[in-house]
Amino acid sequence: NEIDSIINSARVMRLALSDENMPFLVPLFYVYDGKSIYFHSAKGGSKIEIIKKNNNVCFEISVDHGVIESDVACDFEAKHRTVIGIGKAEFIENDEEKAKILTRLMSLFSDKEFELPAANLKRTAVVRINIESIKGKKHGF
């Protein structure tokens, strides 16, 4: 429950990818369905090309940042609630499923109902992260 609370409290995750032996990190908006995380992207670009070669991913979501102060030098600590997960990225090809995820993403930022133009849907990638392991940590609460 605590992990789900953290994931559902944030809007941005950081996605870590590996291009051979070179790390690549990118912040992304996402939605979560209780077992998988979804994000959207243009169909081209660095992250998409890396995922096509290596779909192993790691993600991080962190909320409630702060500092726990001390009267002693070097005893300050970071206050946070954080989730880190590992999984496999998979491209969603079904337009109906893509539209559903994109609608959920847009609902994070607006109460308006939108129609998705077919051309936009065709040029947008939607990626599901099938979570294989996940852990959480909180400090200062």
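The values are calculated or read from the model by the stated rules, or taken from the named source; none is laboratory data. Keep in mind the model is a prediction, meaning the values are calculated, not measured. All Cβ positions, glycine included, derive from the backbone under ideal geometry; neighbour counts span all protein chains shown. Remember, those area values only see protein heavy atoms, side chains included, never the ligands or the DNA or RNA. Shrake-Rupley method; radii C 1.70, N 1.55, O 1.52, S 1.80 Å.
Neighbours of THR82 by Cβ distance under 12 Å: Lys/Arg scored +1, Asp/Glu scored -1, total +3. Accessible surface ranking for MET22, MET106, MET13, 1.4 angstrom probe, highest first: MET22, MET106, MET13. Here's the list of aspartates and glutamates a cross-link from LYS135 could span, going by alpha-carbon distance under 12 Å and ignoring same-chain residues fewer than 8 apart: GLU2, ASP4, GLU60. Sorting GLU69, GLU60 by solvent-accessible area of protein heavy atoms yields GLU69, GLU60, largest first, with a 1.4 Å probe. Based on DSSP H segments of at least four residues, each scored -39500 (n - 2.57), the chain has a per-residue ellipticity at 222 nm of -6500 deg cm²/dmol.
Take every pair of alpha-carbon atoms less than 8 Å apart whose residues are at least six positions apart; their mean separation over the length of the chain yields a relative contact order of 29 percent. The slack between HIS139 and GLU69, meaning 0.36 nm per residue of separation minus the straight C-alpha distance, is 23.9 nm. Of the cross-linked pairs LYS100/LYS137; LYS52/LYS138; LYS112/LYS138; LYS35/LYS122; LYS47/LYS138; LYS52/LYS98, those separated by over 23 Å at the C-alpha level are LYS100/LYS137; LYS52/LYS138; LYS112/LYS138; LYS35/LYS122; LYS47/LYS138. Charge dipole (Cα centre; +1 on Lys/Arg Cβ, -1 on Asp/Glu Cβ; no other charges) of the chain amounts to roughly 400 debye.
In a reduced charge model with +1 at each Lys and Arg Cβ and -1 at each Asp and Glu Cβ, segment 22-98 shows a dipole moment near 420 debye about its Cα centre.
Per atom type, the chain shows carbon and sulfur on 51% of its accessible surface, probed at 1.4 Å. In the context of the full set of protein chains, residues of the chain present 62 Å² of accessible surface per residue (probe radius 1.4 Å, heavy atoms only).
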